Amino acid sequence: VSLVLYSLPAVTKAIEQKEPLFLVEGEKDAERLLSAGLFATTSPLGAGKWKDAYNAQLEGARLVILPDNDKPGKHHAQQIAEQLQNVAASVDIIHLPELQEKEDVSNWLDKYGTIEQLQALVTPKENKLFFSFEDLEKLIGPIEWTWRGWLPAGLLTIVASEPGIGKSALALRLAATM
């Protein structure tokens, strides 16, 4: 028996229509999104059980991964994203705001958000060149800081202003401190 992604017809339709396809952890979450009119799927057997054969089924997809808020869920999401970066049209991991440990998208919809808010998280915004760290945390989850509010650990930071304000002095001071 060859295993396929859950609700494969919805997967195919999402790809054909170039609509976001939500990849969640578990049939319960996939059904919750499907019943709300979204395209959703999951892989059989749970987190950490992704098979290479699923990659071809997602060729050209606008994939939105909604991991469970626990270590296995986040690792599973990252593993899938890495495998599909050159297969899918796009791959985004969305860490839903306010989720507690071990909660998932169904918990988020029950306690914190709506389908419309979920759709807003994945709808392309107008081209925005600058994001606040607050905006960024909504997209990627909690930020680990080197300098709270100013310098996130492991993320690109751009310092920009008019000439003569002290950008170079600040950058040199940061480099010397690090």
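The values are calculated or read from the model by the stated rules, or taken from the named source; none is laboratory data. The model shown is predicted, which means the values in this text are computed figures rather than measured ones. Cβ coordinates were reconstructed from backbone atoms using ideal geometry, including for glycine residues, and neighbour counts include every protein chain displayed. Areas reflect the complete protein model, heavy atoms only, side chains present, ligands, DNA and RNA absent. Shrake-Rupley method; radii C 1.70, N 1.55, O 1.52, S 1.80 Å.
Kindly provide the set of residues from segment 85-112 that are part of a helix (DSSP H, G or I) and over 13 Å from the mean Cα position of the chain (by Cα), ordered by number.
Within segment 85-112, the first condition is being part of a helix (DSSP H, G or I), and the residues that meet it are 105-111.
Result: S106, N107, W108, L109, D110, K111.
Is it true that some residue in segment 96-116 is more than 23 Å from D135 (Cα to Cα) and of a type in the set (V, I, T)?
no
Does S168 satisfy the criteria of being more than 21 Å from D29 (Cβ to Cβ) and at pLDDT below 75?
On the way: more than 21 Å from D29 (Cβ to Cβ): yes; at pLDDT below 75: no.
Criteria not met by S168.
Going by the conditions given, is E27 free of Cβ contacts under 8 Å to residues at least 60 places away in the same chain, closer than 18 Å to T123 by Cα and more than 16 Å from the chain's Cα centre (by Cα)?
Numbers: free of Cβ contacts under 8 Å to residues at least 60 places away in the same chain: yes; closer than 18 Å to T123 by Cα: no; more than 16 Å from the chain's Cα centre (by Cα): yes.
Judged against the criteria, E27 is not a match.
For G73, indicate whether it is in contact with a Pro (Cβ under 7 Å, 6 or more places away or on another chain), modelled with pLDDT under 90, under 26 Å from P142 (Cα atoms) and in a helix (DSSP H, G or I). Full working, then the answer.
On the way: in contact with a Pro (Cβ under 7 Å, 6 or more places away or on another chain): yes; modelled with pLDDT under 90: yes; under 26 Å from P142 (Cα atoms): yes; in a helix (DSSP H, G or I): yes.
Judged against the criteria, G73 is a match.
Name the residues in segment 36-82 that are of a type in the set (K, R) and within 17 Å of V122 (Cβ to Cβ), would you?
Filtering segment 36-82 down to residues of a type in the set (K, R) leaves 49, 51, 62, 71, 74.
If the condition is that a residue be of a type in the set (K, R) and within 17 Å of V122 (Cβ to Cβ), then R62 is the only one that fits.
If you check every pair at least six apart or on different chains, which have Cβ atoms under 6 Å apart with a residue in segment 133-162 that is closer than 18 Å to V122 by Cα and open to solvent by 70 Å² or more (accessible area, probe 1.4 Å) first and a residue that is modelled with pLDDT under 75 and in a loop (DSSP other than H, G, I, E, B) second?
none
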